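Before any comments, here is the structure.
The values are calculated or read from the model by the stated rules, or taken from the named source; none is laboratory data. Quantities reported herein were computed from a predicted structural model and do not represent experimental measurements. Quick reminder, even Gly has a Cβ in these numbers, built from the backbone with ideal geometry, and neighbours come from all protein chains shown.
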Amino acid sequence: MDVYSFDPLADPRWDELVGRHRNASIFHTSGWLRSLQRTYGFTPLAFTTCRQTEPLRNVVVVCGVRSWLTGNRLVSLPFSDHCNPLVDDSEELRALSEGIEQYRARGGWKYAELRPAIPGPAVGPSFQTADTYYLHRLDLRPSAEDLWRRFHPDSIQRRIRRAEGERLDYEEGRSHALLGKLYHLLGLTRERHLLPVQPLGWFRNLIDCLGSAVCIRVVSKDGEPVAGILTLTHGRTVVYKYGGSDARHHRFGGMPYLFWRMIQDAKRSVADELDLGRTDRDNNGLVVFKERWAAQRSELMYWRSPPLAVSRRGPSPERLRWVRRAFYRLPLGLRRVTANLLYRHLA
């Protein structure tokens with residue numbers, strides 16, 4: 001098969017394909033791609049076996065990430081937990097993955113990485129598994145009562161009841177004020193885990209580009225934000241993407257309460273799946289938290305060409321540890337400014 005490339009943000013066929021393909025997600029939408037471009041300068045490029053004059057039947061979309069720190073690479077897609085190839089059979093997938101590999105080799109990119117969420121055959125002969133994570137999903141089709149019975153009685157049910165007894169102030173929407181509260185909580189959480197916080201502009205662009213697909217939920221106690229989450233909706237799937245909390249107020253059960261509100265709202269909107277996102281396999285605490293909601297675990301494999309042993313020429317683990325320690329010795333204000341400059345290199 002011949003493989004052609006095009007700019008999905010300039011092609012009217014793109015939104016039509018994403019709107020109807022069974023494997024499309026929020027990460028394929030023009031709004032998500034445009035947010036990546038506005039915030040980080042990542043320009044999307046799509047590959048298909050369909051000519052310009054034909055309707056789109058298949059596609060794999062990537063972004064070029066240019067970085068002096070982590071290397072120049074093609075990623076499908078940056079800061080996206082997963083991004084399925086929109087194909088109907090293994091022959092199309094093989095042709096498109098080999099087309100991407102040829103494009104990578106011609107352009108001198110360090111590697112190409114694909115992040116499919118659906119199990120299937122090897123992406124293509126040039127690609128091998130690079131990293132494996134867990135992906136958790138909750139089936140929302142059972143009744144709210146049935147879902148409640150499956151939640152962990154102590155860690156989830158009891159804490160939700162505690163939050164309801166506290167009469168926390170609940171807000172939802174996409175206002176600048178609400179985003180400010182969420183961003184404050186995200187910063188506290190990322191600080192606790194020694195991770196840089198995402199640029200504020202990223203969240204502003206998500207709201208601007210995705211509109212009603214974005215929902216921010218925040219609970220407060222006596223006027224002080226306790227916990228907040230941001231979700232994305234596409235079709236019948238709600239994606240829990242970001243969350244943060246103030247550790248001083250964990251006893252109020254704000255985060256479990258927000259998850260329960262999110263689940264109830266998703267069911268009212270006729271969603272049938274809650275995507276709880278990617279988890280590192282050694283992050284036992286997060287794995288346990290998601291599974292106490294009765295979410296089902298599956299393996300999420302990232303594929304890379306050339307294989308990892310050949311393409312890994314970035315900073316050594318020792319160097320990265322040194323950079324991380326040095327970074328967290330900086331004053332808070334300087335650390336956040338630096339994080340805004342460096343975050344794009346982590347895609």
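Here residue 150 meets each of (1) among the basic types (Lys, Arg); (2) under 21 Å from residue 300 (Cα atoms); (3) not assigned by TED's automatic domain parsing to the domain that holds residue 307 with one exception, condition (2).
Let's see how each residue does on (1) at pLDDT below 95; (2) aromatic (Phe, Trp, Tyr); (3) farther than 17 Å from residue 25 by Cβ:
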site	(1), (2), (3)
110	no, no, yes
121	yes, no, yes
126	yes, no, yes
145	no, no, yes
148	no, yes, yes
168	no, no, yes
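Within the range 162-175, restricting attention to residues that are touching a residue at least 24 places away in the same chain (Cβ under 8 Å) and in a helix (DSSP H, G or I), the residue that is surrounded by the most Cβ atoms within 10 Å (Cβ to Cβ) is 163. Exactly one residue out of 155, 175 is in the same structural domain as residue 250 (by TED's automatic domain parsing), small (Gly, Ala, Ser) and in contact with a strand residue (DSSP E or B) (Cβ under 9 Å, 6 or more places away or on another chain), and it is 175.
What is the number of the single condition among (1) outside any strand (DSSP E or B); (2) surrounded by 15 or more Cβ atoms within 10 Å (Cβ to Cβ) that residue 285 does not meet? Every listed condition holds for residue 285 apart from (2). Restrict the check to the range 102-109 and report whether at least one residue is within 30 Å of residue 307 (Cα to Cα), outside any strand (DSSP E or B) and in contact with a helix residue (DSSP H, G or I) (Cβ under 6 Å, 6 or more places away or on another chain). Among the residues of the range 102-109, not one is within 30 Å of residue 307 (Cα to Cα), outside any strand (DSSP E or B) and in contact with a helix residue (DSSP H, G or I) (Cβ under 6 Å, 6 or more places away or on another chain), which makes the answer no. For the range 193-221, filtered to residues that are in contact with an Asp or Glu (Cβ under 9 Å, 6 or more places away or on another chain) and modelled with pLDDT of 95 or more, the residue that is farthest from residue 283 (Cα to Cα) is 221.
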